[in-house]
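I have placed the structure first, in the form of structure tokens, so that the comments after it can refer back to it.
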Amino acid sequence: MKQIIYVAILTVALLSSGRQQSVAQSADAAAEQEVRQTIEKYRKALLQKDAATLERIWADDYTFTNGAGEIHSKADRLANLKSGATSLGSISEDEDIKVRVYGKVAVATSRVTIKGQYSGKQTSGQYRSIHVWVKGAAGWQLVANQITPVAAK
């Protein structure tokens with residue numbers, strides 16, 4: 001009789017654990033989709049010079065490292081956008097964006113081709129890109145990103 005009770009308890013515990021894992025995977029998949037949608041909004045806002053949308057997407061303590069290794073804050077990026085020093089003609093993904101979700105944090109990596117300029121400097125070419133997103137009350141916000149030029153072979 002004791003064995004049956006132990007087996008029943010173990011079975012319930014395993015089933016509960018499996019269900020919790022399934023729910024967590026489902027939540028991560030939903031979060032990944034939200035991040036992908038936000039990345040697309042971000043891409044469009046950069047191309048359209050939509051400062052209002054970018055102001056919502058960039059966290060207050062946002063940091064950008066451009067292809068020359070220069071670091072810019074949210075205020076710097078908004079000023080460059082409004083002055084025309086940052087003007088992008090195209091941003092195209094050269095491969096699928098990989099998004100990994102860790103609770104309320106997501107890291108997205110990709111390879112992109114950019115045509116335009118950042119901070120008044122021509123930056124057209126292929127780059128590796130990394131984004132760090134955090135989910136808060138305002139939704140997913142970009143806290144840091146960096147682009148690194150891909151060396152020609």
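The values are calculated or read from the model by the stated rules, or taken from the named source; none is laboratory data. None of these values were measured; they are calculated from a predicted model. We place every Cβ from the backbone using ideal geometry, glycine too, and count neighbours over all the protein chains shown.
Just to be sure before I move on: is Ala108 modelled with pLDDT of 95 or more and either out of contact with any helix residue (DSSP H, G or I) (no Cβ under 7 Å at 6 or more places or on another chain) or closer than 25 Å to Gln33 by Cα (or both) in the structure I sent?
On the way: modelled with pLDDT of 95 or more: yes; either out of contact with any helix residue (DSSP H, G or I) (no Cβ under 7 Å at 6 or more places or on another chain) or closer than 25 Å to Gln33 by Cα (or both): yes.
Spelling it out, Ala108 is indeed modelled with pLDDT of 95 or more and either out of contact with any helix residue (DSSP H, G or I) (no Cβ under 7 Å at 6 or more places or on another chain) or closer than 25 Å to Gln33 by Cα (or both).
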Open item on the list: Between a residue in the range 33-46 that is in contact (Cβ under 8 Å) with a residue 40 or more places away in the chain and any residue that is part of a helix (DSSP H, G or I) and of a type in the set (S, T, N, Q), which pairs come within a Cβ distance under 9 Å, given they are 6 or more apart or on different chains?
Closed with: Tyr42/Thr53
Open item on the list: It is to be established whether one or more residues within the range 84-95 are within 20 Å of Tyr62 (Cβ to Cβ) and either in contact with a Pro (Cβ under 9 Å, 6 or more places away or on another chain) or in contact (Cβ under 8 Å) with a residue 60 or more places away in the chain (or both).
Closed with: no
